[in-house]
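Report on one structure; see the data block that follows.
The values are calculated or read from the model by the stated rules, or taken from the named source; none is laboratory data. All of these numbers come straight from a predicted model, not from anything done at the bench. Here the Cβ positions follow ideal geometry from the backbone for every residue, glycine too, while neighbour counts run over all protein chains shown. To get the accessible areas, we keep the full protein, side chains included, count just its heavy atoms, and leave off ligands, DNA and RNA. Shrake-Rupley method; radii C 1.70, N 1.55, O 1.52, S 1.80 Å.
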Amino acid sequence: MQDLDAILGSASERIDGASSLEDLDAVESELLGRRSYINQQRRGLGKLDPADRPAAGARLQQAADQLQGLIDGRRRVLERQAADRLLADDLVDVTVPRRPVRQGRSHLITQTIDEISDIFTAIGYQIADGPEAETAWHNFDALNTPWWHPSRLESDTMYLDYGDPEDEILLRTQTSTVQARVMESQPPPVYVLAPGRCYRTDTIDATHLPVFHQFEGLAVAEGITFADLKGTLAYFARQYFGPERTIRLLPHFFPFTEPSAEMHVSCFACDGSGCRVCGNNGWIELLGCGMVDPNVFEAVGYDPSDVTGFAFGGGIERVAQVRHGIHDMRHLIDNDLRVNEQFV
Ligand code: DAH
């Protein structure tokens, strides 16, 4: 039992010398574990004189309790230190100014498509679309534009597959293709708006892009008249350009509408008195429109004696340019965020 005194004498130094929880576990197993001196002595108690056993057992227990108390105390200290270290490592300085989050936004062309779509869905139109790589049949034939029409020439149009008129595939030159696609696939009545991308061999300038967007409208039902067309376009102009706008329709020619017209909107910048925006005449040309030609109905399998309808189509870039006073369409495809940042 002299060894026990020696152990107790050096114990607190050893326990306090443990600098980590792992160290302390090692010290604990050395002092109190199965092979520790105290446990060896306990196992030997049976060999003692029965009269000496209680006192020796009590002494061992007391020593074990004392060691355990010291170890538990040290463990609490080490645990607190570990927790403090974790907190210090993890410290978040809430006073550091945050990094600014750069917020993205839709491109003006997307915004314009969304806005025009909203204007027409509000009066019951559905949004329709069609492929950009289109058959010449949907782009031309179905729209009363026969094979000999100049706009079908290879040099006018971007063909992906050119040759046999039946399988000609081209990048669509207009969203009017969706008129034919929608009517082919469903019976009347039809009220659709089809926004989408189109392609032409135009040279880039302030008002032309070879890749651009159009929106196409089509309404077909019994008894639709030119007055309905005019009312619908006036509604669109007032929604998109402001409640003061008036429109006028000038005779024009399009193969797939008869009669056809060009729609002008009174200049929002000068209210019709003439200014730079409208080229001094008070009106801005906006889109093409007309009553659907009976030949188009026949091409898609509608009976022209049952239904009438109107169609209209305009450029997305064009209406955005007019409304926002963008002098050069090329800004819309420039890699310069300052353009886009103006349109929230
Ligand atoms: N597709 C014509 C174009 O690209 C625009 C157009 C004119 C569309 C008259 C129509 C329409 O639906 O009726 O120039």
Qualifying residue in region 296-305 (condition: among the β-branched types (Val, Ile, Thr), touching a residue at least 12 places away in the same chain (Cβ under 8 Å) and open to solvent by less than 10 Å² (accessible area, probe 1.4 Å)): yes
Residues of region 309-333 satisfying the condition of being modelled with pLDDT of 90 or more and either in a loop (DSSP other than H, G, I, E, B) or aromatic (Phe, Trp, Tyr) (or both): 310, 312
What single numbered condition from (1) surrounded by 12 or more Cβ atoms within 10 Å (Cβ to Cβ); (2) outside the structural domain of residue 203 (by TED's automatic domain parsing); (3) closer than 30 Å to residue 329 by Cα fails to hold for residue 78? (3)
Considering (1) touching a helix residue (DSSP H, G or I) at 6+ places or on another chain (Cβ under 7 Å); (2) open to solvent by less than 80 Å² (accessible area, probe 1.4 Å), say which one residue 23 fails and leave the rest. (1)
With the structure loaded, tell me whether residue 117 is surrounded by 10 or more Cβ atoms within 10 Å (Cβ to Cβ), of a type in the set (S, T, N, Q) and either assigned by TED's automatic domain parsing to the domain that holds residue 231 or within 20 Å of residue 200 (Cβ to Cβ) (or both) or whether it fails that test. yes
Of all helices (runs of 4 or more DSSP H) completely enclosed by region 1-56, which ones contain at least 1 residues that are at pLDDT 90 or above and within 60 Å of the chain's Cα centre (by Cα)? 21-32
Taking residue 238, is it surrounded by fewer than 17 Cβ atoms within 10 Å (Cβ to Cβ), away from the ligand (no atom under 16 Å from the Cβ) and either farther than 17 Å from residue 191 by Cα or free of Cβ contacts under 8 Å to residues at least 12 places away in the same chain (or both)? yes
Give the number of residues within region 151-197 that are among the acidic types (Asp, Glu) and open to solvent by less than 40 Å² (accessible area, probe 1.4 Å). 1
Within region 260-308, the residues that are on the phi > 0 side of the Ramachandran plot and within 11 Å of the ligand (Cβ to nearest atom) are 290
Tell me, please, whether a residue that is open to solvent by 40 Å² or more (accessible area, probe 1.4 Å) and in contact (Cβ under 8 Å) with a residue 40 or more places away in the chain can be found in region 284-294. no
